[in-house]
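All remarks here apply to the structure that follows.
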Amino acid sequence: MDAAYFSAFAALTGSVIGGLTSLGTSWLTQHSQLGAQRFARNLERRETLYRDFMNEASRLYADAFEHDQTELSNLVKLFAMISQMRVVSSPEIIENADKVARLIMETYRAPNKAFGDLESAVASHMVDPLRRFSEACREELQRLGAF
């Protein structure tokens, strides 16, 4: 084999190896960036879902203190959020969300409460029904690396 052919073949092989290495590196970088973006997007969706649930549950709970009936459509949104949580959340979060929903329904069935009844509600921790739910959300988000 002629030395010129050997040199040309070595140069061509080096170019192919360099190109494949560059392609592989680019693919790995893109793949890891897409994974990180997907993870961040999923984390943001969870945070939004938890925040929206807390806002809706708080609104309904305050309404339940003043009224003994509600439109079923008001509760549907809350239960839809719980169903969404069943897809992405831990069993502890779902259990606590269910407890909040049950408390809201029980509060609607109970007699209306006036501002004077608030003191006994504070003493029995009924004013903060979302505490355990929010703590479970924080624990899960910390476990996932959100903080």
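Farthest toward the dipole's positive end in segment 42-144, which of LEU72, LEU141, ILE82, given Cβ charges of +1 (Lys, Arg) and -1 (Asp, Glu) about the Cα centre?
Comparing the listed Cα positions along the dipole, LEU141 ranks first.
Quick one: putting +1 on the C-beta of Lys and Arg, -1 on the C-beta of Asp and Glu, what dipole do you get for the chain around its Cα centre, in Debye to the nearest 20?
340
Would you compute, from DSSP H runs of 4+ residues alone, the mean residue ellipticity of the chain at 222 nm, taking -39500 (n - 2.57) per run and dividing by the full residue count, rounded to the nearest 500?
Numbers: 5 runs with 120 residues, N = 147.
Mean residue ellipticity at 222 nm (helix-derived): -29000 deg cm²/dmol.
With the crude spin-label approximation of a point 7 Å out along Cα→Cβ, what separation in nm comes out for ASP128 versus GLU66?
Rounded to a tenth, the inter-label distance reads 2.4 nm.
Could you list the residues of segment 51-90 with an amide nitrogen less than 15 Å from a label point located 7 Å from the Cα of GLU139 in the Cα-to-C-beta direction?
Of the residues in segment 51-90, 89-90 have backbone N under 15 Å from the label point off GLU139.
Pull out the extension gain between TYR5 and LYS113, defined as 0.36 nm times the separation in residues minus the alpha carbon to alpha carbon distance; nm, one decimal. Please list the in-between numbers first.
Working: separation 108, 0.36 × 108 = 38.88 nm, distance 9.45 nm.
Additional length available on full extension: 29.4 nm.
If the elastic network links every pair of Cα atoms under 10 Å, which of SER58, SER89, SER22 fluctuates the most in the Gaussian network model of the chain?
For the chain, modelled as a Gaussian network with Cα springs under 10 Å, the answer is SER22.
Over the alpha carbons of the chain, what is the largest minus smallest coordinate on each principal axis, giving the biggest first in Å?
101, 30, 21
Values quoted throughout were computed directly from the atomic coordinates according to the rules given, and no laboratory measurement underlies them. Keep in mind that this is a model prediction, so the values were computed, not measured. Here Cβ is always computed from backbone atoms with ideal geometry, including for glycine, and neighbour counts include all displayed protein chains.
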